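A.B. asks: Quick one: the structure is below, and I'll ask about it shortly.
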Amino acid sequence: MYKRQFADKSWFSDTNAQVLADVSNGEVQGSGVAVSEARWDILAASMGYSTFTEGEYTEDAHTILGNMVGVAANPPEPAGTVEVTETTVSPGSNAEVTLQTDVSNVTGYEATIEFDPEKLQVEDVSGEDMADPVVEIDNENGVLFLTQAQAQGADAPEMASIEFEVVDMDTGEEADVSLMGEESAVYDPTGSAYLTNWDNGHVTVLDGQLGDVNADGEITAGDAVIVQRHIAGLPTEVPDDQIEMLGDVNQDGQITSADVTYILQIVAGIEEPPEMNAADAQSSVTAPSVESTATPSAPAL
Ligand SMILES: [Ca+2]
Ligand SMILES: [Ca+2]
């Protein structure tokens, strides 16, 4: 329930919430009770007892308050979850973060994403299963707003891909990429927002040494086995993205038998363990764009 201070007289007629009742003491004071279906918030202005009758609550007031508690306590099932992905990057690489949902029949969205501008800077935003969004990038304050709409619904779309430059992060360090649910929404074909859950993501800089594919602190023939199995499409206990980062010892962007050979040569003492290449191609692109490409409408309340 909305609660700021006693008798603050907050009205809801200019919000996205559906107004259910006005506050009155003989004449209408303002829209005092509302429900936001997208967030399943019940909004109630401070309704001091004199609002209802001299000195006491009326039966109607009890009923209204009881109904509000009942509604707030029984939200409908969410249509799904909207999230930004967990992303692990090798040192010096940019992070590709995806905004996606498992909600079916999505026609549009608004998303406000907050990040630490000292660690991450938005370099590029592009559409995936939906068209390129209209974006407003504020790299100074660490806020990204993106929105898009289309006529036909998309099922469980990856809405957009966000490329972050990793500015100043040590290996093993994590940076939050927070999806602000109160300022975000996904829409159905009628133009109404779905009730959804919201999940934040992180960008993590991989802590590891090239060649030590299982990250146990040493480079052994066991690491070469993991890479061999990965090439052969056999299961391993090491996540694929970790194999692809730590197993690419010759840094050519692919996992091949040449990497296996290289690891074995390190084990044999013929080759030195390579350093991760911090100056790879992705970080040499031009300075991040800070101007907005369009002025979006205000995000949903
Ligand atoms: Ca190892
Ligand atoms: Ca390679």
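A.B. asks: Please determine, by comparing only the residues of segment 17-38 that are at pLDDT 75 or above, under 20 Å from Pro75 (Cα atoms) and not hydroxyl-bearing (Ser, Thr, Tyr), which one is surrounded by the fewest Cβ atoms within 10 Å (Cβ to Cβ).
C.D. replies: Gln18
A.B. asks: Follow-up. When you look at Asp124, is it in a strand (DSSP E or B), touching a residue at least 12 places away in the same chain (Cβ under 8 Å) and either closer than 15 Å to Gly201 by Cα or within 12 Å of the chain's Cα centre (by Cα) (or both), yes or no? First the steps, then the outcome.
C.D. replies: On the way: in a strand (DSSP E or B): yes; touching a residue at least 12 places away in the same chain (Cβ under 8 Å): yes; either closer than 15 Å to Gly201 by Cα or within 12 Å of the chain's Cα centre (by Cα) (or both): no.
Spelling it out, it is not the case that Asp124 is in a strand (DSSP E or B), touching a residue at least 12 places away in the same chain (Cβ under 8 Å) and either closer than 15 Å to Gly201 by Cα or within 12 Å of the chain's Cα centre (by Cα) (or both).
To keep it simple, each residue is scored yes or no on (1) in contact with a Ser or Thr (Cβ under 8 Å, 6 or more places away or on another chain); (2) aliphatic (A, V, I, L, M); (3) surrounded by fewer than 20 Cβ atoms within 10 Å (Cβ to Cβ); (4) assigned to a helix (DSSP H, G or I).
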| site | (1), (2), (3), (4) |
| --- | --- |
| Ile219 | no, yes, no, no |
| Val225 | no, yes, yes, yes |
| Leu234 | no, yes, yes, no |
| Asp241 | yes, no, yes, yes |
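A.B. asks: Here are some residues: Gly211, Gly172, Gly191. Which one is on the phi > 0 side of the Ramachandran plot, within 14 Å of ligand 1 (Cβ to nearest atom) and outside the structural domain of Tyr262 (by TED's automatic domain parsing)? Full working, then the answer.
C.D. replies: Details: Gly172 fails: within 14 Å of ligand 1 (Cβ to nearest atom); Gly191 fails: within 14 Å of ligand 1 (Cβ to nearest atom).
The conditions single out Gly211.
A.B. asks: Follow-up. Check off (1) exposed (fewer than 15 other Cβ atoms within 10 Å of the Cβ); (2) farther than 25 Å from Gly92 by Cβ for Asp168 and give me the number that stays unchecked.
C.D. replies: Here Asp168 meets the rest and fails (2).
A.B. asks: Being more than 16 Å from Ser93 (Cβ to Cβ) and either small (Gly, Ala, Ser) or within 11 Å of ligand 2 (Cβ to nearest atom) (or both) is the filter here, so list the residues in segment 205-248 that pass it.
C.D. replies: Scanning segment 205-248 gives Gly211, Ala215, Gly217, Ala221, Gly222, Ala224, Val227, Ile231, Ala232, Gly233.
A.B. asks: Pick from Gly92, Gly80: which is under 30 Å from Asp176 (Cβ atoms), at pLDDT 75 or above and surrounded by fewer than 17 Cβ atoms within 10 Å (Cβ to Cβ)?
C.D. replies: Gly92
A.B. asks: Mind checking which residues of segment 127-153 are assigned to a strand (DSSP E or B), surrounded by fewer than 19 Cβ atoms within 10 Å (Cβ to Cβ) and of a type in the set (A, V, I, L, M, F, W, C)?
C.D. replies: Within segment 127-153, Val134, Val143, Ala149, Ala151 qualify.
A.B. asks: Right, another one. Among what's in segment 199-208 and is among the hydrophobic types (A, V, I, L, M, F, W, C) and crowded, with 19+ Cβ neighbours inside 10 Å, pick the residue that is nearest to ligand 1 (Cβ to nearest atom).
C.D. replies: The qualifying residue nearest to ligand 1 (Cβ to nearest atom) is Val205.
A.B. asks: Any residue in segment 236-257 that's within 14 Å of ligand 1 (Cβ to nearest atom): show its pairings with residues that are of a type in the set (Lys, Arg) at Cβ separation under 8 Å, as long as the two are six or more apart or on different chains.
C.D. replies: Pairs found: Thr236/Arg229.
A.B. asks: Let me ask you something else. So for segment 181-200 (the condition being without any contact (Cβ under 8 Å) to a residue 60 or more places away in the chain and not β-branched (Val, Ile, Thr)), does at least one residue qualify?
C.D. replies: no
The values are calculated or read from the model by the stated rules, or taken from the named source; none is laboratory data. Source: prediction; values computed, not measured. Note that we place each Cβ from the backbone using ideal geometry, even for glycine, and neighbour counts take in every protein chain shown.
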